[in-house]
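The structure appears right after this line, and notes come after that.
Derivation of every value follows stated rules applied to the coordinates shown; laboratory data play no part. Being a predicted model, the structure only gives us computed values, none of them experimental. Heads up, the Cβs are rebuilt from the backbone with ideal geometry, glycines too, and the neighbour counts pull from every protein chain shown.
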Amino acid sequence: MTAIKMRAQCPLPTLDFDVITLGHGSGGLLTHKLLDSGVFDLLENDILNEKHDGAFLNIKGQIAMTTDSFVVSPIFFPGGDIGELAVNGTVNDLAMCGAIPKYLSLSFIIEEGLSMKLFWDILVSIKFACEQAGVKVVTGDTKVVEKGKGDGIFINTTGIGELHPDAQIAERNIKTGDKIIVSGPIAQHGIAIMSVRDGLEFETEIESDTRNLNHITRDILDHYGENIHLMRDPTRGGVGTVLSEICKSSKIGIDISQQSLPIDEQVEGACEMLGLDPLYVANEGLFLAFVDASVAEECLDMIKSWEETERAQIIGEVVEDHSGQVILQSTIGGRRVVNMLPGEQLPRIC
């Protein structure tokens, strides 16, 4: 089931209001009507049902925690929306730590005048994403700001997960010879957003790659544990910026091959048309893994066994040379340095 199908199966309940007003953020009767008719009913679970100011959680061992805010424009885009993106983005940040995501907080800043239908569709997408990832929303908050001050809706999430017992994810564990795996085609999310903003038309619609990655990362940690030295999701700034950051902070060298980088033909063409380097375009359903060379091919095969990541590739390796730099071997035989993105290439991307 997709989020779109789930929205069809979760019709908007009968309400005595069509749009969200400042009163819905007052903490009074309207707030309770909004929450009871939407959030609590749709996202209900044993912890959220307590309707407390906080949540009581059962966690075993070491935990990982992350927080993120989502301000994407437009709110709905090909392949997803801000609700699905908020859940997946937070779940994936935990997965990159080597954690098993368990719980989310969920806070909304809603602009006065947002239609209840749009808000409901976002809530249904959140429910869908939570079910796909196997996480629970356990606490949250709702605020409403004056019209013109919120661009529809902003979402803040905090995620908590249990650290995988075999995870040893840290930059200090990277070593010369490690292979670098990317889990699928790059640049899809950023180009999906730009296609809506700029009215670009393609033979087939380019969709965002937003998805949860925690089941895949748990699988490879179950099998390869300490041989997975680092994982990162190349969201804002893309693959190029993430690899450059790692190089500079860890004082290692990285060689990558342009020919090995998976990218859809239409996405590559759109990047050329817009003057964008796909290495710096945002992704929302990819991860980079630095894997010990002794298990890299086996690990790649396991990642490719999942439908969502069947186009994963080894794109490069850690080298002793050119410490602090990423060097790209181009398809025509040249070499160039891949630096960090100096500014904002695509605003409001997540």
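Positive-end ranking of S249, A167, A293 along the dipole of region 158-306, with charges on Cβ about the Cα centre, is headed by S249. Rg/Rh, computed from the Cα trace of region 171-338 with Rh as the Kirkwood radius, has the value 0.97. Loop-resident chymotrypsin sites (Phe, Trp or Tyr not before Pro) (DSSP state other than H, G, I, E or B) in region 218-296 with no more than 11 further Cβ atoms inside 10 Å of their Cβ are absent. Take every Cα pair under 8 Å whose residues are at least 6 apart in sequence, average their separation, divide by the length of region 111-205, and the relative contact order is 33 percent.
Once the C-beta distance of T158 and S323 is scaled by a Förster radius of 30 Å, the resulting FRET efficiency is 0.25 to the nearest 0.05. Between V19 and E265, the modelled labels are 4.6 nm apart [label points 7 Å from Cα along Cα→Cβ]. Within the set of other residues whose C-beta is less than 13 Å from the C-beta of G240, count the net charge using Lys and Arg as +1 and Asp and Glu as -1. Neighbour charge sum, excluding G240 itself: +2. If the cut-off is 18 Å between C-alpha atoms, which lysines fall inside it for K136, apart from same-chain ones fewer than 8 positions away? Hits, sequence-local ones excluded: K51, K60, K102, K127. Under the convention that each Lys and Arg Cβ holds +1 and each Asp and Glu Cβ holds -1, the size of the dipole of region 7-163 around its Cα centre is about 140 debye.
Quick note on region 32-139: its Rg to Rh ratio, both from C-alpha atoms and Rh being the Kirkwood radius, is 0.96. Mean separation of Cα pairs under 8 Å and 6 or more residues apart, divided by the residue count, gives the chain a relative contact order of 22 percent.
Each Cα pair under 8 Å and six or more residues apart adds its sequence gap; the mean of these over the residue count of region 171-338 is a relative contact order of 42 percent. Rounded to the nearest 5, the antiparallel percentage of DSSP beta bridges internal to region 7-163 is 70%. Here the Karplus curve 6.51 cos²θ - 1.76 cosθ + 1.60, taken at θ = phi - 60°, turns the phi angles of region 310-321 into couplings of 5, 9, 4, 8, 7, 10, x, 8, 7, 10, 7, 6 Hz, with x standing for Gly and Pro. Between V145, L123, S69, the Cα set farthest toward the positive side of the dipole of region 7-163 (charges on each charged residue's Cβ, about the Cα centre) is that of S69.
In a DSSP loop and with at most 13 other Cβ atoms within 10 Å, the trypsin sites (Lys or Arg not before Pro) in region 26-118 are K51, K60. How big is the dipole moment of the chain about its Cα centre under a simple scheme where the beta carbon of each Lys and Arg is +1, that of each Asp and Glu is -1, and everything else is neutral? Debye, nearest 20, please. Computed charge dipole of the chain: roughly 720 debye. In this rough spin-label picture, where each label sits 7 Å from Cα along the Cβ direction, the H52-E310 distance is 4.5 nm. On the principal axes of its alpha carbon atoms, region 63-216 extends 52, 42, 25 Å, with the longest extent given first.
Per 10 Å bin, what is the whole-percent P(r) computed from every C-alpha pair distance within the chain? Computed distribution, short to long bins: 5, 24, 32, 23, 12, 3, 0.
Taken one residue at a time, the phi angles of region 257-269 give Karplus couplings (6.51, -1.76, 1.60, θ = phi - 60°) of 10, 4, 5, 7, 6, x, 7, 5, 4, 5, 5, 4, x Hz. Gly and Pro are set to x.
Here's the picture: charge each Lys and Arg Cβ at +1 and each Asp and Glu Cβ at -1 in the chain, and of Q259, L57, I180 the one pushed furthest to the positive end of that dipole is L57. Beta bridges from DSSP with both residues in the chain: antiparallel share about 75 percent, rounded to the nearest 5. Label separation (F40 vs F202): 4.4 nm, computed from points 7 Å beyond Cα along the C-beta direction.
Helices in the chain, meaning DSSP H runs of at least 4 residues, each add -39500 (n - 2.57). Divided by all residues, the mean residue ellipticity at 222 nm is -8500 deg cm²/dmol.
Beta bridges from DSSP with both residues in region 171-338: antiparallel share about 85 percent, rounded to the nearest 5. Calculate the length of the line joining the C-alpha centroid of region 143-222 to that of region 57-129, in whole Å. After rounding, the separation between the Cα centres reads 11 Å. The GluC sites (Glu not before Pro) of region 81-186 meeting both criteria, a DSSP state outside H, G, I, E and B (loop) and at most 16 other C-beta atoms within 10 angstrom of the site's C-beta, are E146.
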